[in-house]
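What follows draws every value from the coordinates through simple rules; no lab data is involved. Just so it is clear, the structure is predicted and the values come from calculations on it, not from any experiment. Ideal geometry is used to build each Cβ from the backbone, glycine not excepted, and the neighbour counts take in all protein chains shown.
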Amino acid sequence: MGRLQDRVAIVTGGGSGLGKAQALRFAEEDAAVVVADLDAVKAEEVAEQIRTAGGRSHAVKVDVTDESSVQNMVAEAVSEFGAVNILSNTAGRFDGFKQVLETTREEWDGVLAANLTSLYLVSNAVLPVMIKGGGGAIVNIASGAGLRGGGGGAAYTSTKHAVVGFTRQLAAGYGHQGVRVNAIAPGLIDTPMVADFSRTEESKATLASYPGKRLGKPEDIAAAAAFLVSDDADYIHAATLPVDGGMVDTFGAHLSVD
Ligand SMILES: NC(=O)c1ccc[n+]([C@@H]2O[C@H](COP(=O)([O-])OP(=O)(O)OC[C@H]3O[C@@H](n4cnc5c(N)ncnc54)[C@H](O)[C@@H]3O)[C@@H](O)[C@H]2O)c1
């Protein structure tokens, strides 16, 4: 019996990258998974992959920046599986490392909507259902850029810092109602979002200097997320777990004495 048996999970951004890996992992651990993504085709492919492997899954097209679309996602989850016990807020977008002087107002607003307002909308839609069902667990995908400057541009870094704060506030506000909330701060992980720069010689050299010595895999994040939303993490609240090969907490292995 998997750790997530009898749980229903919504994974936003579930059609690709870190969301897809979490959807597959949650299903392997026996959760019923709602794969929610702006890209309906990719969401359906992931849901189909889960069903083919014998799991329970339903794909929903959602725009996490749109309130009625988000409400519809939660309504579909409830009508399909009867509850929502687990939420992974993974959908998001990058800003191409643009400094503030290069960031148009439109780009700023777009990144804030995708990475931060989305958490407000999705949490507000899911929390009442989760609390009614006796509680649950939320994992928000922040970033190393949410813990240090320089991991993204102005908009991305601001939103990911805000995800860490939002996580703490949600944990403080709803823990007493049985909702555990934590975040993950991924380092550089091999997904389409960062494909432009993650496999360059420069990135390889930088990554080789950290204790983890390699590019992260989506499955690295999925394993941490599955733990955080499981009962194994029952006493972990409001934490932001770096899963980054040691990137944000070391200067790199090349500076160590050995
Ligand atoms: N890949 C990395 O190195 C890395 C590092 C740190 C944090 N992250 C974070 O991980 C999350 C997932 O990124 P990824 O690397 O898997 O990227 P990805 O591009 O592979 O996947 C992102 C998914 O989110 C979906 N999406 C985007 N906007 C949406 C919207 N408005 N509504 C619904 N779905 C939407 C996309 O369609 C896509 O399927 C993001 O929040 C990102 O900031 C990624």
#### Entry: Value at 222 nm in deg cm²/dmol, rounded to 500, when DSSP H runs of n ≥ 4 in the chain each add -39,500 (n - 2.57)
-13000 deg cm²/dmol
### Task
Among GLU29, GLU76, GLU102, determine the one that fluctuates most according to a GNM of the chain built with springs between C-alpha atoms less than 10 Å apart.
GLU102
### Query
FRET efficiency for ASP30 and MET193, Cβ-Cβ distance as r, R0 = 30 Å, nearest 0.05?
0.60
### Task
Tell me the label-point distance for the pair TYR120, ASP66, using the 7 Å Cα-to-Cβ offset, in nm and rounded to one decimal.
1.9 nm
### Residue with peak Gaussian network fluctuation, the chain [Cα springs, cutoff 10 Å], from ALA205, ALA224, ALA171
ALA205
### Summary
Taking a straight Cα-to-Cα line shorter than 16 Å from LYS61, and setting aside same-chain aspartates and glutamates fewer than 8 residues away, one finds ASP37, ASP39, GLU44, GLU45, GLU48, GLU76, GLU80
### Query
Where does each of HIS176, HIS237, HIS58 land when they are ranked from fewest to most other beta-carbon atoms within 10 angstrom?
HIS176, HIS237, HIS58
### Message
What distance in nm separates the two pseudo spin-label positions at ASP249 and ASP39, each 7 Å out from Cα along the beta-carbon direction?
### Response
3.2 nm
### Query
Going by how many other Cβ atoms sit within 10 Å of their own, how do LYS132, LYS20, LYS98 line up, fewest first?
LYS132, LYS98, LYS20
### Message
Expected output is a single nm value to one decimal: the length gained when fully extending between TYR235 and ILE131, i.e. 0.36 nm times separation in residues minus the C-alpha distance. What is it?
### Response
35.6 nm
### Task
Could you tell me what % of all Cα pairs in the range 8-245 have separations over 22 Å?
49 percent
### Reachable lysines, given that their alpha-carbon falls under 19 Å from the alpha-carbon of LYS160 and they are not under 8 places away in the same chain
LYS98
